[in-house]
């Protein structure tokens with residue numbers, strides 16, 4: 001999984017930042033992006049892969065290993081009210097830029113999961129399914145996923161009916177049923193919920 005990093009390092013890009021996001025398709029909570037830079041020519045951490053392929057226990061372990069090993073880690077969050085205001089794509093781009101700014105060092109190259117990149121002053125390369133093909137992007141996917149999952153778990157006691165601890169804000173049946181009964185909370189992306197779930201729901205909040 002280090003093909004893209006090796007190519008970048010061989011072109012004298014020393015600070016190569018892998019970037020990915022979590023929560024783009026959720027009904028509630030923020031979208032979270034992470035950026036991770038490793039030492040040039042370092043070997044991938046064993047087990048690092050697309051966060052969706054890993055168990056929660058493995059993600060938590062690797063989260064700690066990444067923070068111990070990486071040269072820099074940055075995280076950026078955009079919350080639901082702003083997602084409603086600017087749309088999820090632009091919110092994702094904004095979260096990515098925040099993550100890059102949070103690195104604390106200037107990257108030479110951004111490796112971004114997907115086929116679209118935010119406007120940035122830094123050189124960027126998009127990689128389709130990058131979280132399965134680039135270890136720095138995979139590491140960023142783990143940081144973003146664990147960070148966001150922890151945020152949603154913290155919301156669970158405030159909104160016990162919505163089962164945020166288990167569904168993390170995604171459209172599980174229990175989550176949809178809770179919205180049907182109780183309406184939307186301040187944590188929900190109202191425009192997205194209207195679009196996806198109308199006309200089934202009684203909307204308020």
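The values are calculated or read from the model by the stated rules, or taken from the named source; none is laboratory data. Everything numeric in this text was worked out from a predicted model, so none of it was measured. Virtual Cβ from ideal backbone geometry, glycine too; neighbours counted across all protein chains shown.
Quick check on this structure: which one of 61, 93 is under 17 Å from the mean Cα position of the chain (by Cα) and either surrounded by fewer than 21 Cβ atoms within 10 Å (Cβ to Cβ) or at pLDDT 95 or above (or both)?
Numbers: 61 fails: under 17 Å from the mean Cα position of the chain (by Cα).
Exactly one residue qualifies, and that residue is 93.
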Notebook entry, point to check: Does at least one position in segment 28-42 carry a residue that is farther than 30 Å from residue 188 by Cβ and in contact (Cβ under 8 Å) with a residue 60 or more places away in the chain?
Noted result: yes
Check: In the set 42, 26, which member is out of contact with any helix residue (DSSP H, G or I) (no Cβ under 7 Å at 6 or more places or on another chain), part of a loop (DSSP other than H, G, I, E, B) and under 16 Å from residue 137 (Cβ atoms)?
Finding: 42
Check: Restricting attention to segment 7-27, which residues are over 20 Å from residue 100 (Cβ atoms) and touching a residue at least 24 places away in the same chain (Cβ under 8 Å)?
Finding: 25, 26, 27
Check: Assuming residue 82 fulfils every condition listed in (1) touching a helix residue (DSSP H, G or I) at 6+ places or on another chain (Cβ under 7 Å); (2) in a helix (DSSP H, G or I); (3) in contact (Cβ under 8 Å) with a residue 24 or more places away in the chain; (4) surrounded by fewer than 23 Cβ atoms within 10 Å (Cβ to Cβ) apart from one, which condition is it?
Finding: (3)
Checklist line | Failed condition for residue 24, given (1) surrounded by 22 or more Cβ atoms within 10 Å (Cβ to Cβ); (2) touching a strand residue (DSSP E or B) at 6+ places or on another chain (Cβ under 8 Å); (3) within 23 Å of residue 166 (Cα to Cα) | finding: (1)
Next item on the list: Kindly indicate which of 102, 149 is within 26 Å of residue 14 (Cα to Cα), modelled with pLDDT of 95 or more and either crowded, with 18+ Cβ neighbours inside 10 Å or touching a strand residue (DSSP E or B) at 6+ places or on another chain (Cβ under 8 Å) (or both).
Entry: 102
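Residue by residue, here is whether (1) touching a strand residue (DSSP E or B) at 6+ places or on another chain (Cβ under 6 Å); (2) closer than 21 Å to residue 132 by Cβ holds:
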residue: 19; (1), (2): yes, yes
residue: 30; (1), (2): yes, no
residue: 41; (1), (2): no, no
residue: 53; (1), (2): no, yes
residue: 78; (1), (2): yes, no
residue: 85; (1), (2): no, no
residue: 89; (1), (2): no, no
